[in-house]
Amino acid sequence: MTYNEFKDKIFKLAKEKGFEAQISYSKNYEFSIRLANGQMDEYKDANSSSISLKVLKNGKIGSASTTIFDSPERLLEEAITNYEIIDSKEENLFYDGSGEYLDIKSYYGEFEKLSVKEKMGKLNKMFEIASKDESIMMIPMTVYAHQTTEVSMANTLGLDKTYKGDGGYAYLSVVAKDKSPRSGFWYGLAPKPENLKVEEISKAAVEEAKAKIGAKSVKSGKYRAIFRKDEFASLISTMLIPMISAENAQKNMSPLKNKLGEKIASEVLKIKDVPYYEGSLSNASFDSEGVPTKEKNIVENGEFKTFLYNLKTAKKEGKESTGNAAGRGIAPINLLVEPGNKSFDDLVKELNNGIIITSLEGLHSGANPISGEFSLGAQGLKVENGEIVSGVEQITVSGNFLDILKKIEVVGNDMWISFGGTISPSILVSEIDIAGNE
């Protein structure tokens, strides 16, 4: 049975039983090769698929899933059975497919054209570049991979949309010689192979490890600091994304509740949610409920402009969904920190004396997006007179995330794209608490 035949059968049966129905069909292809200390450790070349059905009546939803287009009657009965045992007073909705959908180019197919030999060549090149550096004693992991995802969504209200996207990624971990081993890690991602610069990824991982050689702690105190692009992306992913969820605000779990229109950050900070960003693997023309995505300002010149909504949370406030449903939660499509006009080197010179944060540890245990408070183990680089002079280790950075946003002095232009679609440059803050052991 084809997808369309399965869908049409389910919809007909559901309507006969008095239900609206919605089906999501996801096809995924993943290829990855991994070296462990230079030896082939994993080879993956796999397809997977899933079919999810939801039935809706009187604002209540029941769901069921399968992996094959077989027995639509059984899948529907399972969803209806689950509907009958659900005890919820929340009103759920389906989207009817109306509105303007952006025409987003997300699938290129270039990775699939590469032969296995070519992919192995890129993997080995990463390993060889790192192994040639005399400071490197071990290369625990080298990975080259790509994936393709196709999602089709349709319902009895008129929604009928399909998305297809692909892209690749590579990463490398290395260990440099020192009194105690110093690790380095770097990754990159891109929609096309020519934009996935394996040489740069390998060199960046090596430089990350070498920068830590001879690293030591610093005296406890307040420091001017740079959050490097990748670490600021990690911090705002962990802290800001939950804060801007309308669901969390409605549950009194966001410190931004009742702060719309207020200054919550420095005037130099601008943050958007964008459906498309060149180089991102998270671009999408519709969210997980089929609602069209659109660009929106979240923080503009320091002012908080909007929460992100799915259908259910929007209904509660008499608003429209912002197109940010993400599975069972709410999330941006691409959370973009708008770049400034200064390079990373310019930021270092402007920092003059302070610390560059290059690694934050324990984000999911030491950072609380409900209160905004964080206390995280960190590593970094010490800057004196505008020059990087040494590595920094065994420090803890702490504070309140919203206070950090207010203390941003300069936003860089060295953009970083994360796996989750958070896109950020490095930023310089006037002050942060650092606990060391000197």
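Looking at the chain alone, DSSP beta bridges between its own residues are antiparallel in about 95 percent of cases.
Along its three principal directions, the equivalent ellipsoid of the range 206-302 from the Cα gyration tensor extends over semi-axes of 32, 21, 13 Å, largest first.
Here's the picture: charge each Lys and Arg Cβ at +1 and each Asp and Glu Cβ at -1 in the chain, and of 389, 189, 341 the one pushed furthest to the positive end of that dipole is 389. As a rough guide to protection, the peptides 306-318, 78-90, 28-40 ranked by mean Cβ packing within 10 Å, highest first, stand as 306-318, 28-40, 78-90. Between residue 422 and 335, the built amide H atoms are under 5 Å apart, and every one of these is 5 or more places off in sequence or on another chain. According to the Cα-based calculation, Rg over Rh for the range 192-257 is 1.16, with Rh computed by the Kirkwood formula. Mind checking the angle between helix 198-210 and the chain's longest principal axis? C-alpha axes, 0 to 90 degrees, to the nearest 10. Helix 198-210 sits roughly 50 degrees off the main axis of the chain. Rounding to the nearest 10 and keeping the result within 0 to 90°, find how far the Cα-based axis of helix 229-243 lies from the longest principal axis of the chain. Rounded to the nearest ten degrees, it is 40. Around the amide H of residue 399, modelled in the peptide plane, lie the amide H atoms of 374, all under 5 Å away and 5 or more residues distant in sequence or on another chain. How far, in degrees from 0 to 90, does helix 3-16 lean away from the longest principal axis of the Cα atoms of the chain, to the nearest 10? The helix 3-16 is inclined about 50 degrees to the chain.
In this structure, the amide hydrogen of residue 358, modeled 1.01 Å from its nitrogen in the peptide plane, lies closer than 5 angstrom to those of 379, 380, 381, counting only residues at least 5 positions away or on a different chain.
Convex hull volume per residue, computed on the Cα atoms of the range 125-262, equals 213 Å³. Quick one: which of 251/296; 257/342; 216/272; 125/164; 54/272 span more than 27 angstrom between C-alpha atoms? In this structure, 257/342; 216/272; 125/164; 54/272 lie more than 27 Å apart at Cα. A convex hull fitted around the alpha carbon atoms of the chain yields 155 Å³ per residue. Here residue 222 is the anchor, and the aspartates and glutamates within straight C-alpha reach of less than 13 Å, apart from those fewer than 8 places off in the same chain, are 431, 433. Which links in 219/382; 132/192; 122/229; 177/219; 44/113 stretch past 20 Å when you go from one Cα to the other? Cα-Cα > 20 Å for 132/192; 122/229; 177/219; rest within.
Measuring against 23 Å, Cα to Cα, the residue pairs 12/316; 294/319; 259/315 contain 12/316 as the ones spanning a longer distance.
Within the listed set 131, 180, 359, the residue fluctuating most in the Gaussian network model of the chain (springs between alpha-carbon atoms under 10 angstrom) is 180.
Bear in mind that the values in this text are calculations on the coordinates, not laboratory data. Everything numeric here is computed off the predicted structure, so don't read it as measured data. Positions of Cβ are backbone-derived with ideal geometry, glycine not excepted, and every protein chain shown enters the neighbour counts.
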